[in-house]
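FYI, it's all coordinate maths here, none of it is from the lab. Quick caveat, the model's predicted, so the values are computed rather than measured. We place every Cβ from the backbone using ideal geometry, glycine too, and count neighbours over all the protein chains shown.
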Amino acid sequence: MTTADFLSATRASYDVLADDYAARFQDELAAKPMDRALLTGFAELVRNGGGGPLADVGCGTGRVTAFLHGLGADVFGIDLSPGMLAVARRHYPGLRFDEGSMLGLDLPDGGLGGLLAWYSTIHVPDERLPGAFAEFHRVLAPGGHLLLAFQAGDEVLRLTEAWGRDVDLDFRRRRPEWVAGLLAGAGLTPTARTVREADTGSDFPEKIPQAFLLARKPVVSGAREDGGTN
């Protein structure tokens, strides 16, 4: 599948799922205290870094963007799907949501203090993931922080139907150590790694482990993070 085909299929699938997705997952964070804790800590790191706003890349219906905004983060959302963005703008009219792809972000070099990819790299083919991470490195300011969330594993789950609708989506489950290696290869330094085991007894059951990786763009050699020089 070419890049254009993958992007088109992902966009079209989420366009048709947008309303159902919002209805099913709008309250998911309320049932996941560990996720809230990770996002809260990440928002604090970005805020204390002082390197610019936080982009929620692959924001979907905007629920995580809104959570971060509620923590005081200077945050905006980016998503590939106009349908998902329409829901986000309807639910959170005071927040900024832009259409775009993580493979070619319409953002200046070094303009972000933080970047969140919360289950949004899972549809990117393996061979395209280094390019996405290179984009993350490009748009982050020196000292900026990145948080990834994704399903841990080795296999690819392919869906051609979801909630009674036709879709064309591949969900790529990945080993955290492999993803961390790709981040390092893109010039982003992994700083923390955690895996939450499968949980089938909650209101939002998860059949497989969930992985979270925190990374940072190194500060330019010879400069302090406050903008001075050594």
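Could you give the length gained by full extension between Tyr119 and Trp178, i.e. 0.36 nm per residue of separation minus their alpha carbon distance, to one decimal place?
Full extension from Tyr119 to Trp178 adds 19.6 nm.
Just the number, please: percent antiparallel of the DSSP beta bridges in region 1-159, rounded to the nearest 5.
5
If you average over every viewing direction, what projected area does the convex hull of the Cα atoms of region 128-230 give, in nm²?
Mean projected area of the Cα convex hull: 8.7 nm².
Once the mean 1/r over all distinct Cα pairs of the chain is inverted, what Kirkwood radius in angstroms do you read off?
17.9
Just rank Arg216, Arg173, fewest to most, by other beta-carbon atoms within 10 angstrom.
Sorted ascending by nearby Cβ count, the order is Arg173, Arg216.
Stretch Glu155-Lys207 to full length: gain in nm at 0.36 nm per residue minus the Cα-Cα span?
That works out to 17.4 nm of additional length.
With r as the distance between the Cβ atoms of Asp5 and Ala192 and R0 = 30 Å, compute the FRET efficiency 1/(1 + (r/R0)^6) and round to 0.05.
0.30
Please state, rounded to one decimal and in Å, the Kirkwood hydrodynamic radius that region 162-206 gives when every pair of distinct Cα atoms enters the mean of 1/r.
Hydrodynamic radius (Kirkwood, Cα pairs) of region 162-206 is 13.8 Å.
Note the full-extension length gain between Thr200 and Asp106 as 0.36 nm times their separation in residues minus their Cα-Cα distance, in nm to one decimal.
Extending this stretch completely gives an extra 30.0 nm.
Give me Rg over Rh for region 10-107, both radii from the alpha carbons and Rh done the Kirkwood way, two decimal places.
Rg/Rh for region 10-107 comes to 0.96.
When only Cα pairs under 8 Å and 6 or more residues apart are kept, what is the percent relative contact order across region 106-230?
27
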